[in-house]
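Nothing in this text is a laboratory measurement; each read-out follows from the coordinates by a stated rule. In this text, all values refer to a predicted model and were calculated from it rather than measured experimentally. Quick reminder, even Gly has a Cβ in these numbers, built from the backbone with ideal geometry, and neighbours come from all protein chains shown.
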Amino acid sequence: MTRGINESIDATSTSAKYNIVASFTVNGVVEVQDVVGALFGQTEGLFNDLELRELQKSGRIGRIVVNAESDNGKTIGEIIIPSSLDRTETAILAATMETVDRVGPCTAFFQLNEIKDLRESKLKRIEARAKELLKDWKSLSADKPKISSKIKSALERESVIMWKGLPAGSDIDLVESVIIVEGRNDIQQLFKIGVKNTIAVNGTSVPKVIIDLTHKKECTAFLDGDRGGDMILNELLQVSKIQFYARAPRNMEVEELPPKELVKCLQQKKTIEFLLKERKNRDERNDNRDRDRDRFQQNRERNRNIRDRKPDINRSISKYSRDNSRNSNFRSSSTSSSSRSFSGNRSSSRKPSALDGLPKSTLNTYVKDLISSNQAIGLDDEYKEIYRTSNVKIFNELNEKLKTVIMDGVVTQRFLDEAIKNKIKRVIAVNIKSRLRFPERTDIELFYFKDFFNHN
């Protein structure tokens, strides 16, 4: 067996971009030097720019590797030429090799096997190595989140406590003012600015623990700027005695705010009196707008009726006068009906004196029992409980046996109509919709939960 003259050189270790791989068969016994000589000699002069000797001197091709073996009077082998030429020149050089047809005195046949792109193999090695490096890197940095989690857990254990079943800051018993927030994450967010006199509602229903706390300490509600924050604030206004409130920017949550924004929101807190005044002014504006709209609708309807009632020239003068009188009466009755509707709307606000004669202590007990329960109860004439259900199902269970209904919900126009239909005498609820319309003759009385807290 004859070995290649450059067998100690790894062609893939050079700076070549391609490897030209060809096989050859020589009808005779020849040496490796003969094959290389034939390759140089028979390609010389074909292309001035692609002379093998000049290319090799300039380093544009590497050292030629020939592996050959002789058997039964024939020499078979493989030849490899490393190339740093471009794709076109490399293809021309590979095609030139196939023109060699003799090695010394013997006939020969050269066949191109392939042109290997060495850059693909380099990319594969780079990819494999990069995966190894990344894997080692991840294993080295895997402990960093654990350290952060340990620090966070340590701070949480140090600052967050359970106060009567609710998450709270560690200073809740040390100061006379408390900040009420929605959840545990809000408490942890306020730790970043050093605020630890906090307690969480843990949901949208206000627990009795917080209701009692608002009667003992100065409380500020710091709530999200979304629908959930509105619901909690409305319930706090009904069942508690908070003094101040602060809100996150609209559609943002307290736990999302950076420290500077947290400080700004708390500095801009407002009193509950300011909030109630704002809501009263808003309701008055809405009432005025509704009255203007109703007046506009009535005028438009009246004008339409007048247009439809054109006088007939064949009618007598007396008949025409009676029609005019009838139109005048129609306008008067419309005005009177509008006044009754407005008067009935105002009667939805009950004065404290309306509580006189009621067993306030008994009703106060029922009211406290229903706070944040989403339930309703029905009482008889002697104020004894005869029925209890959810505040949703009570609508379908109203009957004439029930004289007083107490529910943890809102009195709507539909509920009021059904209660009047079943001769309910009084309804006590968390809230009462504004602009309710009452019939001309009704004795039903409406009360808020807070009416009984104020007179306890």
At R0 = 41 Å, FRET efficiency that the Cβ-Cβ distance of residue 91 and residue 135 yields, to 0.05: 0.55
Cα gyration tensor category, rounded, prolate or oblate, for the stretch 11-122 with a/c compared to 1.5: prolate
From phi via Karplus (6.51, -1.76, 1.60), per-residue ³J(HN,Hα) for the stretch 391-400 in Hz, x at Gly/Pro: 6, 8, 6, 4, 4, 7, 9, 5, 8, 6
HN-Hα J in Hz across the stretch 182-187 - Karplus 6.51, -1.76, 1.60, θ = phi - 60°, x for Gly and Pro: 7, x, 4, 5, 5, 4
The stretch 11-122: relative contact order in percent, alpha carbon pairs under 8 Å with at least 6 residues between: 45
Rounded if a/c under 1.5, otherwise prolate or oblate - the stretch 218-301, Cα gyration tensor axes: prolate
Sequence-distant residues sharing a close amide H with residue 390 (under 5 Å, placed H): 376
Integer Hz, Karplus 6.51/-1.76/1.60 couplings in order for the stretch 21-31, x for Gly and Pro: 10, 9, 10, 9, 9, 10, 7, x, 9, 10, 9
Under 5 Å, built H, 5+ apart or other chain: amide partners of residue 163: 168
